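Every number here is computed from the coordinates shown, using simple stated rules; none is lab data. Keep in mind that what you see is a predicted model, and the values were worked out from it rather than measured. Note that we place each Cβ from the backbone using ideal geometry, even for glycine, and neighbour counts take in every protein chain shown.
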Amino acid sequence: MSGIKSDRWIAEMAEKGMIDPFEPKQVREINGRKIISYGTSSYGYDVRCARQFKIFTNINSAIVDPKNFSEASFVDVEADEIIIPPNSFALTHTVEYFRIPRDILTICMGKSTYARCGMIINVTPLEPEWEGHVTLEISNTTPLPAKVYANEGIAQMLFLQSDEICLTSYKDRGGKYQGQKGVTLPRT
C-alpha cells in the first residue's frame, strides 16, 4: 500500500465521480450556524448522515439475528435530528454516494465530536470497486439519550491506495451490498 491519500488526490478522485455530492473544502457552518464539519479534510473526507434513520427499539422483544434481521426491530424516522435511546443504536446512510476505484481501500471511522459524547460509529471498510451509500451504525454507549444531526458530519473516510490492482474486487465477487441506496439491513 502506498498510504493514506491527501486532499489533492481526493479532489482529483471526486472529479472522476468517486464521491457524489463532493464538497472540496471543510464546511463548519451553514448560514452563520455552526455545524459538525463535513467535506474534504487533510487526508480524508468527512461524510454527512442523511435524514433517514432506523432507530433500534425492543418494543417487539425481537432477537437480533444477522441471518434473519427483523424490520420490526426499528422505528423509521425522517428528520433533521434524532434522539437515540440510552444504550441503543440507530442506522442511517451517508448523503454521499461512493464509487471506490479498484486500487483503493476506504476505511470509515467515527468523528471525534460524537465519540467525545459517547457515540460510536462502527468502523467499516469500503472495498475496491464497491459503490453505494454507506450504511452507518451509530451506537449510543451512554446511559442518557443522545442527539444526532442530519446533513452534518458523522464519520471520516480514509483512502488507502495500493501499489497494485487487487486480483478480485468487491464488484468481481458480486458483493451483496453492491449499489445499495439508503439504509440497508444485514443480508446473508
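Sequence-distant contacts, meaning Cα pairs under 8 Å at least 6 residues apart, place the relative contact order of region 13-106 at 33 percent. Taking 7 Å steps out from each Cα toward its Cβ at VAL123 and GLU137 produces label points 1.5 nm apart.
If the segment from GLN161 to ARG173 were pulled out straight at 0.36 nm per residue, it would be longer than the present Cα-Cα gap by 2.3 nm.
Taking every alpha-carbon pair under 8 Å whose residues sit at least 6 apart, the chain reaches a relative contact order of 28 percent. Note on the chain: lysine pairs with Cα distance below 15 Å, sequence gap of 8 or more or different chains, count 4. Ordered from longest to shortest, the equivalent ellipsoid semi-axes for the chain are 28, 22, 13 Å, each the square root of 5 times a Cα gyration tensor eigenvalue. Ranked by how many other Cβ atoms sit within 10 Å of their own Cβ, fewest first, the residues ASP163, ASP76, ASP46, ASP103 fall in the order ASP163, ASP76, ASP103, ASP46.
For a label point 7 Å from the Cα of GLN52 along Cα→C-beta, name the residues of region 93-136 whose backbone N is under 15 Å from it. Correct set: 93-98, 132-136. Length gained on full extension, SER6 to GLU78, computed as 0.36 nm times the residue gap minus the Cα-Cα distance: 22.5 nm. Quick one: Debye curve from the alpha-carbon atoms of region 1-94 only, equal weights, vacuum; give me log10 I(q)/I(0) at q = 0.20, 0.24 Å⁻¹ to two decimals. Per q value, in the given order, log10 I(q)/I(0) is -0.98, -1.16. Please identify, among GLU152, GLU164, GLU137, the residue showing maximal mean-square fluctuation in a Gaussian network model of the chain using a 10 angstrom Cα cutoff. Comparing GLU152, GLU164, GLU137 in the GNM, the peak value goes to GLU164.
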